[in-house]
Amino acid sequence: MDPKNYIIKQISVFSENKPGRLAAIARALQVEKINILAFSIAEANGFGVVRALVDKPQKAFEKLSILGFNVAFTDVIAVKMKDEPGGLYEIARIMGEGMINIEYSYAYSGKDAAVLILRVDNVDAAIAAIRKGGGTVLESSLFQ
Amino acid sequence: MKCWDPRVEEMPRDELRTMQYRLLKTLVYRLYSFSPFYHDRMREEKVHPDDIRTLEDIRKLPFMVKSDLRDNYPDKIFVAGQDDLVRYHVSSGTTGKPTVVGYTRNDLDNWTASLARGLVSCGLGRGDVLQVSYGYGLFTGGLGLHYGAERIGATVLPTSVGNTERQIELMQDLHTTAIACTPSYLLHIGEVAEKMGVSIRDDTSLRMGILGAEPWSDTMKGRIENWLGIKAYDIYGTSELSGPMFCECTEQAGFHVWGDLAYVEILDPKTGEQLGPGEQGEMVITMLQKEALPMIRFRIGDITSFDDAVCTCGRSHPRVRRISGRVDDMLIIRGINVFPSQIEYTLLTIPEVGQHFMIEVDRKGALDDMLVKVEVKKEAFSDKITDLMAIRNNVEHRLRNALNVAVNVELVEPGSLPRFEGKAKRVIDRRKI
């Protein structure tokens, strides 16, 4: 297995913490017909970082950059998670036992199963640990 | 006691003017001979000490400005050798370099004497407890008031600035009768006291405040006096003049500028013409007796007016009204001078942020609050909040070091701050003073 097949390019956008900024980002993606598969906002004093999984990350990056946003790509992985009590525990336990640190994470509940998006300190080790522990890491081609 | 030094303070005006002329003449000869800096300035202006034949001839002399001290950092324009210096004070300059002021023994004596006269003139004396809540250390406020009050036999309580609850406890326990601090800090003390269930008016012996180091208005004076039940006196000075120097007398009609120590002119900032009593203009001060760092025709940048009439208190020295504004963009934040150029200079040394910035000043409660907005550069942007927080903390830390005053920093999106063509307006000051 090649870890590259599992690494998803998340876009991260710097945003001031004030009304209208998320709308500006979302509007730009709409105009380019870019679909947002999952997203989250992390906030600190006065600013935040909008993180999104989109179907066309390169296009999103270019469009937002042209508009003057600070945009960066960040490598994340998506893990299939049972949509039932204990689903999150299963994944988190594997990561903990593998001594893999989760920097941040967000999730969504899809049609078939729930999906956990993970930003970890060691992507390759995380993929290997999840597969070894019987989990499913979703291929990036499913998203992008 | 009515006057600390009645012979000087009540000196007839003619005598005072003769004395000023004599001191000016001596000063100019001394600088022409011993100060390469001022010698060159006079040569450029084609003035020779012999051209000073009356006190009015002072207007032939070249000006000094704050940047002269910066450009000659740290001590290139001192006229005293190391052996004669007994102290340094350091204040923030207009850009990266601070301003260093050196003092000879006589400089400290004259500074102390000036304050001794001023403090007596507003009714302080033996038996009073003066709480000095100006900062002690490199800033001149704390030590200046400290020695002035000790000289006249008042008891000094050197609390310095901060730790407000303790200040209030000590004020009660040691029966403070007078406090020296910025007017906004005194309002803050009043607010904190109320939260502690202490009324400054009813539960303390405080009867007067000696307030300065920042601009304040009649409205603020009225508020302090009515709310706290004390008299509020204005005190004026800058580090270049030695420190806090001149204080209002009990008439509360402006601070007396002791003519044997300083000569004050009010000029039209545009034409440089000397203005008469009552006319608003830029104050220019010549320190007539300073030894280590002489200041001639120093353009401090403060706008005010003066009153030449002999005061009803009996003192013959001219009075200057409370400062009403600035000719430049200098801000005073919690008593500390801040120039936008210092911020610009500091930001240039931090690669993660851009050079554009905006300063927003508010008064939160009674205290000044300064927010600096800076843009994060594209290359520095990271998905990690901790990295961004580290950038923000670093900018705050660097600005605090450069300005000597706490600053809040907000990171904003690149390109979002206003760009200026011509004169930049980077300050939004929402304080009502």
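Test A:V50 against the criterion of being under 13 Å from the mean Cα position of the chain (by Cα), within 12 Å of another protein chain (Cβ to nearest Cβ) and open to solvent by less than 70 Å² (accessible area, probe 1.4 Å), and give yes or no.
Details: under 13 Å from the mean Cα position of the chain (by Cα): yes; within 12 Å of another protein chain (Cβ to nearest Cβ): yes; open to solvent by less than 70 Å² (accessible area, probe 1.4 Å): yes.
The answer is yes for A:V50.
Working carefully through the options B:L403, B:L388, B:L371, find the one that is more than 10 Å from chain A (Cβ to nearest Cβ) and either open to solvent by 40 Å² or more (accessible area, probe 1.4 Å) or not charged (D, E, K, R) (or both). Reasoning before the result, please.
Details: B:L388 fails: more than 10 Å from chain A (Cβ to nearest Cβ); B:L371 fails: more than 10 Å from chain A (Cβ to nearest Cβ).
Result: B:L403 is the single residue among B:L403, B:L388, B:L371 that is more than 10 Å from chain A (Cβ to nearest Cβ) and either open to solvent by 40 Å² or more (accessible area, probe 1.4 Å) or not charged (D, E, K, R) (or both).
Output the qualifying pairs, or none if there are none: Cβ atoms under 9 angstrom, residues six or more apart or on different chains, first residue in the stretch B:279-307 and over 18 Å from B:H317 (Cβ atoms) and free of Cβ contacts under 8 Å to residues at least 24 places away in the same chain, second residue outside any strand (DSSP E or B) and open to solvent by 10 Å² or more (accessible area, probe 1.4 Å).
Correct list of pairs: empty, since none qualify.
Please go through the stretch A:75-90 and pick out each residue that is more than 24 Å from A:P57 (Cβ to Cβ) and either open to solvent by less than 90 Å² (accessible area, probe 1.4 Å) or in contact with a helix residue (DSSP H, G or I) (Cβ under 6 Å, 6 or more places away or on another chain) (or both). Reasoning before the result, please.
First, pick out the residues of the stretch A:75-90 that are more than 24 Å from A:P57 (Cβ to Cβ): A:82-90.
A:G86, A:G87, A:E90 - these are the residues of the stretch A:75-90 that are more than 24 Å from A:P57 (Cβ to Cβ) and either open to solvent by less than 90 Å² (accessible area, probe 1.4 Å) or in contact with a helix residue (DSSP H, G or I) (Cβ under 6 Å, 6 or more places away or on another chain) (or both).
When only residues in the stretch B:1-59 that are without any contact (Cβ under 8 Å) to a residue 24 or more places away in the chain, among the basic types (K, R) and not in a helix (DSSP H, G or I) count, which is nearest to B:T286 (Cα to Cα)? First the steps, then the outcome.
Applying the first criterion (without any contact (Cβ under 8 Å) to a residue 24 or more places away in the chain) to the stretch B:1-59 yields B:6-7, B:14-15, B:18, B:22, B:26, B:29, B:32-33, B:36, B:39-48, B:50-51, B:53, B:56-57.
The next check asks that each one be among the basic types (K, R); those that pass are B:7, B:22, B:41, B:43, B:46, B:53.
If we keep only those that are not in a helix (DSSP H, G or I) too, we end up with B:46, B:53.
Working: B:K46: 19, B:R53: 17 Å.
Of everything passing the filter in the stretch B:1-59, B:R53 is nearest to B:T286 (Cα to Cα).
Under 21 Å from the mean Cα position of the chain (by Cα) and open to solvent by 40 Å² or more (accessible area, probe 1.4 Å) - does that describe any residue in the stretch B:274-281?
Our first condition is that a residue be under 21 Å from the mean Cα position of the chain (by Cα); within the stretch B:274-281, this holds for B:280-281.
Within this subset, residues satisfying the condition of being open to solvent by 40 Å² or more (accessible area, probe 1.4 Å) are B:280.
Checked against the condition, which is being under 21 Å from the mean Cα position of the chain (by Cα) and open to solvent by 40 Å² or more (accessible area, probe 1.4 Å), the stretch B:274-281 yields at least one hit.
For B:R70, only one of the following conditions fails: (1) modelled with pLDDT under 95; (2) touching a strand residue (DSSP E or B) at 6+ places or on another chain (Cβ under 9 Å); (3) surrounded by fewer than 17 Cβ atoms within 10 Å (Cβ to Cβ). What is its number?
Failed condition: (3).
Within the stretch A:26-44, is even one residue in a helix (DSSP H, G or I), more than 9 Å from chain B (Cβ to nearest Cβ) and either open to solvent by less than 20 Å² (accessible area, probe 1.4 Å) or in contact with a helix residue (DSSP H, G or I) (Cβ under 7 Å, 6 or more places away or on another chain) (or both)?
The first filter runs over the stretch A:26-44 and keeps only residues in a helix (DSSP H, G or I), leaving A:26-31.
Cutting the leftovers down to more than 9 Å from chain B (Cβ to nearest Cβ) gives us A:26-31.
Imposing the further condition that a residue be either open to solvent by less than 20 Å² (accessible area, probe 1.4 Å) or in contact with a helix residue (DSSP H, G or I) (Cβ under 7 Å, 6 or more places away or on another chain) (or both) reduces the set to A:28-29.
Within the stretch A:26-44, one or more residues are in a helix (DSSP H, G or I), more than 9 Å from chain B (Cβ to nearest Cβ) and either open to solvent by less than 20 Å² (accessible area, probe 1.4 Å) or in contact with a helix residue (DSSP H, G or I) (Cβ under 7 Å, 6 or more places away or on another chain) (or both).
Tell me, which strands (runs of 3 or more DSSP E) wholly within the stretch B:184-250 include 2 or more residues that are open to solvent by less than 40 Å² (accessible area, probe 1.4 Å) and in contact with a Gly (Cβ under 6 Å, 6 or more places away or on another chain)?
Details: elements: B:208-212, B:231-238, B:243-247.
Per the criteria, B:231-238, B:243-247.
In the stretch B:1-60, how many residues are farther than 28 Å from B:I77 by Cα and among the aliphatic types (A, V, I, L, M)?
Qualifying residue count for the region: 4.
For the stretch B:417-430, name all the residues that are outside any strand (DSSP E or B) and exposed (fewer than 15 other Cβ atoms within 10 Å of the Cβ).
Applying the first criterion (outside any strand (DSSP E or B)) to the stretch B:417-430 yields B:417-426, B:430.
Passing the criteria: B:P418, B:R419, B:F420, B:E421, B:G422, B:K423, B:K425, B:R430.
Report, ordered by the first and then the second residue, all pairs with beta carbons closer than 9 Å, sequence separation of six or more or different chains, a first member in the stretch A:67-86 that is facing another protein chain (nearest Cβ under 9 Å) and on the phi > 0 side of the Ramachandran plot, and a second member that is surrounded by 16 or more Cβ atoms within 10 Å (Cβ to Cβ) and not β-branched (V, I, T).
A:G68/B:E413; A:G68/B:P414
Among the residues of the stretch B:155-178 satisfying the criterion of being out of contact with any Ser or Thr (no Cβ under 6 Å at 6 or more places or on another chain) and open to solvent by less than 10 Å² (accessible area, probe 1.4 Å), which is nearest to B:Y233 (Cα to Cα)?
Filtering the stretch B:155-178 for residues that are out of contact with any Ser or Thr (no Cβ under 6 Å at 6 or more places or on another chain) and open to solvent by less than 10 Å² (accessible area, probe 1.4 Å), the one nearest to B:Y233 (Cα to Cα) comes out as B:A178.
For residues that are within 14 Å of the chain's Cα centre (by Cα) and surrounded by 17 or more Cβ atoms within 10 Å (Cβ to Cβ), tally how many sit in the stretch B:309-329. Before the answer, list the steps.
To start, the set of residues in the stretch B:309-329 that are within 14 Å of the chain's Cα centre (by Cα) comprises B:322-326.
Subsequent filtering for residues that are surrounded by 17 or more Cβ atoms within 10 Å (Cβ to Cβ) retains B:322-323.
So the answer is 2.
Residue by residue, here is whether (1) out of contact with any Phe, Trp or Tyr (no Cβ under 7 Å at 6 or more places or on another chain); (2) modelled with pLDDT of 95 or more holds:
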{"site": "B:T94", "(1), (2)": "no, no"}
{"site": "B:G102", "(1), (2)": "no, yes"}
{"site": "B:G118", "(1), (2)": "no, yes"}
{"site": "B:S121", "(1), (2)": "yes, yes"}
{"site": "B:G125", "(1), (2)": "yes, yes"}
{"site": "B:G142", "(1), (2)": "no, yes"}
{"site": "B:A149", "(1), (2)": "yes, yes"}
{"site": "B:A154", "(1), (2)": "yes, yes"}
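The values are calculated or read from the model by the stated rules, or taken from the named source; none is laboratory data. As the structure is a prediction and not an experimental result, all values here were calculated from the model. Because the Cβ atoms are built from the backbone with ideal geometry, glycine has one as well, and the counts that use them run over all protein chains shown. Keep in mind that these areas ignore ligands, DNA and RNA; they rest on the heavy atoms of the full protein, side chains included. Shrake-Rupley method; radii C 1.70, N 1.55, O 1.52, S 1.80 Å.
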